[in-house]
Amino acid sequence: MGDIADSDFPVSVSSLHFPSTEQLSVSQTLASLRRSALSVNNRLRSIEADAAFVREVADHYGLPLIANERCGSWYIPPDIKGGSAYFKSTDGHTGQWDFSFRRLNLQILPLSREQGGCIIVDSTRRGKLMPDALSKTIPIWCAVFNRALFPSETAYHSVELPPNYLGASEESQIEQRIDSFVHSLKSLKLDLDELRQQLGKPIRLAWANRTYFHPTDLRKGNDYNLLVLCSASKRVHGAEISEGGYIQGAGDDSEAWAHGLTPPVFWAHKSTLLATSEEDLPDVIENLTREHRKHTSSQQATLVAPTKNLYIGQADPGLVGNGAYDLVIDCNSNEEVPGDNPKRLNLGCTSSRQGGRDLRNHLDKVQAFVGSRLGSNPSQSLLVVCDTGKDLSAGTLLTIICFFYNDAGEFVGSRTDSIGKQFIRQRLAWIVSSKHDVNPSRSTLQSVNAFLMQRPDY
């Protein structure tokens, strides 16, 4: 065999590939196509199409539409929205099945009794038929409440799961956890007789999505309340670009794409938004949301039962500054409180995810403030607010309730006995039962637990 010249071989590895400029060109082109497919305009049109399906489901079952927040609200016009639920897909993830003490969703009970059930609307991104919240989290929740509230109605005690969706092993493992969840629910010391009256009858489940309605013959009935779990979006198996602009789960993760647009503003100005070019949408959205805020009434505070004087809400000048509350704690405000205003405490916690950890450094000030102000006059009203009205304010109130209030919701001064996790869970149930969208972060609850359980004077 003759000698082969060096020139017959590649002179370098790079010559085996496209030139770098061409690589960048291909990459940039693909990225541009993907961005175009996931444009805000395509998302809004996809939401509009999915909302039409949700209306069909509502007409089919004759039940009110409940949004599983945050995604579900995009698919329900406000004028036909019957309420909100807060079931998280993470509580249904494989191997992590859970019944959440932070998301009891007790507001579903009286609504179901009054209407014979409801339709809970959610969606999920490309590739899945439905979110785990609809396939597992809510079925777990229903089984727990059926067993806890109707112990003799054994026909409703099994976990109802979507057909041919989960493996037999996963279904079995979920079933095995239900009794422990029931025990945990009972340990919260909620008034189960009152909850049983609110619900009236056990719950049955049905599923509605673009693939099937199951069971096909199930309607609201005399012996049960029907919860229909509706996944709004069409299932997409391939890339978004293959669907002609349609995006599965377009309403999901709206903080990343919506430029501040919210479902109420979208539905109030849908025609304008859909007629606006992609490049002009950010400015139009900013103007519409600014006008919407001007005409939106001030936030309302929620009384935390069984107390008679503790309130929780979202920081809002109309709420905090209206003089309706004797004492105010603002978890996020860092404005210096004048020395002549002993009835307000600003904690100055950050508004980012770090805020939950930051709270730990301020709870001693909360203890001192509440102890001195309510200690001198326990009948005073106390409002606790944060930027969302759901996280830091809930953690701060939880600390106050655990440290100063007895089982009847009465101010009794500082506790001198130890506080455990189960006691904290019971008190958290007061807040969650009173304000259903409360959702303190894990870091916020860790701060509260650390403060209450590791006090040096115990």
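The values are calculated or read from the model by the stated rules, or taken from the named source; none is laboratory data. Because the structure is a prediction, the values reported are computed rather than measured. Note: ideal-geometry Cβ built from the backbone for every residue, glycine included; neighbour counts use all protein chains shown. The area values use the complete protein model at the heavy-atom level, side chains included, leaving out ligands, DNA and RNA. Shrake-Rupley method; radii C 1.70, N 1.55, O 1.52, S 1.80 Å.
Some points to look at:
- Heavy-atom surface analysis with a 1.4 Å probe gives region 284-356 a carbon and sulfur content of 45 percent of its accessible area.
- 25 °C / 0.890 mPa s Stokes-Einstein diffusion coefficient of region 287-358, Kirkwood radius on C-alpha pairs, µm²/s: 173 µm²/s
- Our coupling estimate for region 92-109, obtained by passing each phi through the Karplus curve with A = 6.51, B = -1.76, C = 1.60 and θ = phi - 60°, is x, 4, 4, x, 10, 3, 8, 10, 8, 6, 7, 9, 6, 6, 5, 5, 5, 5 Hz, Gly and Pro reported as x.
- Kirkwood hydrodynamic radius of region 176-327, Cα pairs, Å: 21.2 Å
- Average accessible surface area per residue within region 215-324, 1.4 Å rolling probe, Å²: 52 Å²
- Angle between the chain longest axis and helix 442-453 axis [Cα atoms, degrees, rounded to 10]: 30 degrees
- A convex hull fitted around the alpha carbon atoms of region 326-372 yields 70 Å³ per residue.
- Sulfur and carbon atoms: percent of accessible area, region 165-238 [1.4 Å]: 43 percent
- Rg/Rh for the chain stands at 1.06; both radii use Cα atoms, and Rh follows the Kirkwood definition.
- Cα principal axis extents for region 197-276, largest first, Å: 49, 31, 22
- Residue 85 long-range amide H proximity, modeled H, under 5 Å: 67, 68, 69
- Tilt relative to the chain, helix 20-37 - C-alpha long axis, 0 to 90 degrees, to 10: 50 degrees
- With Cα atoms defining each centre, region 184-256 and region 348-377 are spaced 38 Å apart in the structure.
- Rg then Dmax, both in Å and based on the Cα atoms of region 175-226: 14.9, 41.
- Heavy-atom accessible area per residue - region 147-213, 1.4 Å, Å²: 52 Å²
- Between the Cα long axis of helix 421-434 and the first principal axis of the chain there is an angle of about 80°, rounded to the nearest 10.
- Gyration tensor (alpha-carbon) shape descriptor, region 142-221, a/c threshold 1.5: oblate
- Backbone phi angles across region 258-265, fed through the Karplus curve with coefficients 6.51, -1.76 and 1.60 (θ = phi - 60°), yield HN-Hα couplings of 8, 6, x, 5, 10, x, x, 5 Hz in residue order; Gly and Pro are listed as x.
- Legend note: in the chain, cysteines whose Cβ sits 4.7 Å or more from every other cysteine Cβ are 71, 118, 142, 230, 349, 402.
- Residue-wise HN-Hα coupling along region 40-48, computed from phi with Karplus coefficients 6.51, -1.76, 1.60 (Hz; x: Gly, Pro): 4, 4, 5, 4, 5, 5, 5, 4, 4
- Protection proxy ranking of 110-119, 343-352 - average other beta-carbon atoms within 10 Å, highest first: 110-119, 343-352
- Bridge type composition, the chain - antiparallel percent by DSSP, nearest 5: 15 percent
- Protection proxy ranking, highest mean first, for peptides 222-231, 99-108: 222-231, 99-108, where packing is the per-residue count of other beta-carbon atoms within 10 Å, averaged.
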